[in-house]
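Here, each number is a calculation from the coordinates, and none is a lab measurement. All values reported here derive from a predicted model rather than from experimental measurement. As a convention, Cβ positions derive from the backbone with ideal geometry for all residues, glycine included, and neighbour counts pool all protein chains shown.
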Amino acid sequence: MSGLDELLSLAEEGALRAGETLMEHFIGPASGVDHKTTETDLVSDADRAAESFLLDFISSKRPQDGVFAEEGGRENSESGLTWVVDPLDGTINFLFRIPHWCVSVGVEDENGGVVGVIRNPNLDETFRDARDGGATLNSEPIRVSERRELATALIGTGFAYDSEARRVQAEQVSRILPRARDIRRAGSAALDLAFLACGRLDGFYEASMERWDKSAGVLIATEAGATITELPPPKEGLSPGVIGANEVLHRALVELLLA
């Protein structure tokens, strides 16, 4: 097994086991719920338990690697590799018992993504990829949609928890919605990128997105054939996001979103 294959295997194992931890919490009552950036941006014991497991798992297997995790886990890298972890992407869905959320585990070096794994426990699906290795869903190769007409394209997006940012995002939706087949806001940016990679969505855009939201998903979607570029943040102080689709639809989205 090559070094890259071993790294991907570890990322997959960590995501699978974190998903099992989350499923144990999902079937019971929510606990330890608190807010983060706003009153509607929530975190729970499930997020913390999954992140705690992943931090312990990574440190036991790769003690020289760095970690950058959503709920605050940080370790400097001595190896040049950093694990970028979202232990539960789609917390609001999780807390409202909507079965659309995932674990996202990426590993990056100085040039960007090295491996990425997105685990969707509710559908028993694992999206994974290593740099230049080809994206897969449950070990089967995946590719982005070949749809070329925006009028028949299904586009995914997401919204910030900041009210000023939402006003900008509402204006962006007003440009896309009349031109596309429809828009989906499912509530998990990482899964949106995975769905872009396998053709369930024809295109995707969202800003802002944090590093942990997109580390694994951008790599998987890119390796599946997506063109992905940066979408500026909707408000000063927030993070940029991405615009992703096949080359033809990407141009159409860029023209509307960056007009």
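The angle between the Cα long axis of helix 45-61 and the main principal axis of the chain comes to about 60°, on a 0 to 90 degree scale. Toward the positive end of the charge dipole of the chain, with +1 on the Cβ of Lys and Arg and -1 on the Cβ of Asp and Glu, the farthest Cα among 246, 93, 55 is that of 246. Kirkwood hydrodynamic radius of the chain, from the reciprocal of the average inverse Cα-Cα distance over all distinct pairs: 18.3 Å. Tell me the angle of helix 3-26 to the major Cα principal axis of the chain, expressed in degrees between 0 and 90 and rounded to the nearest ten. In the chain, helix 3-26 runs at an angle near 90 degrees to the longest axis. When the chain is treated as a Gaussian network with alpha carbon springs shorter than 10 Å, the biggest mean-square fluctuation among 140, 70, 230 belongs to 140. Net charge dipole, segment 64-190: roughly 900 debye, given to the nearest 20, about the Cα centre with Cβ charges of +1 for Lys and Arg and -1 for Asp and Glu. Under a Gaussian network description of the chain, with springs only between Cα atoms under 10 Å, the residue in 223, 75, 51 that fluctuates furthest is 75.
How big, on average over all directions, is the shadow cast by the Cα convex hull of segment 150-257, in nm²? Please report the intermediate quantities before stating the final value.
Numbers: hull surface 23.1 nm².
Result: 5.8 nm².
Give me the distance between the Cα centres of segment 88-115 and segment 135-165, rounded to whole Å. Here the two parts' Cα centres lie 15 Å apart. For the chain, a simple Cβ point-charge model (Lys and Arg +1, Asp and Glu -1, everything else neutral) yields a dipole of about 940 debye relative to the Cα centre. Identify which of 214, 61, 235 has the largest mean-square fluctuation in a Gaussian network model of the chain, with springs joining Cα atoms closer than 10 Å. Evaluated over the chain, the most mobile residue of the options is 61. The angle between the Cα long axis of helix 247-257 and the longest principal axis of the Cα atoms of the chain comes to about 70 degrees, rounded to the nearest 10.
Just rank 200, 62, 119, fewest to most, by other beta-carbon atoms within 10 angstrom.
Numbers: 200 17, 62 20, 119 28.
Listed from fewest to most nearby Cβ atoms, that is 200, 62, 119.
Treating only the Cβ atoms of Lys and Arg (+1) and Asp and Glu (-1) as charged, compute the dipole magnitude of segment 114-259 about its Cα centre; round to the nearest 20 debye.
Details: 18 positive and 21 negative charges, 50 e Å.
Using only the charged Cβ atoms, the result is roughly 240 debye.
What ranking do 198, 102 get, fewest neighbouring Cβ atoms within 10 angstrom at the top? With the fewest neighbours first, 198, 102 line up as 198, 102.
Would you please put 8-20, 103-115 in order of how densely packed they are, using the mean number of other Cβ atoms within 10 angstrom per residue and starting with the highest?
Numbers: 8-20: 20.5, 103-115: 22.2.
Listed from highest to lowest mean packing, they are 103-115, 8-20.
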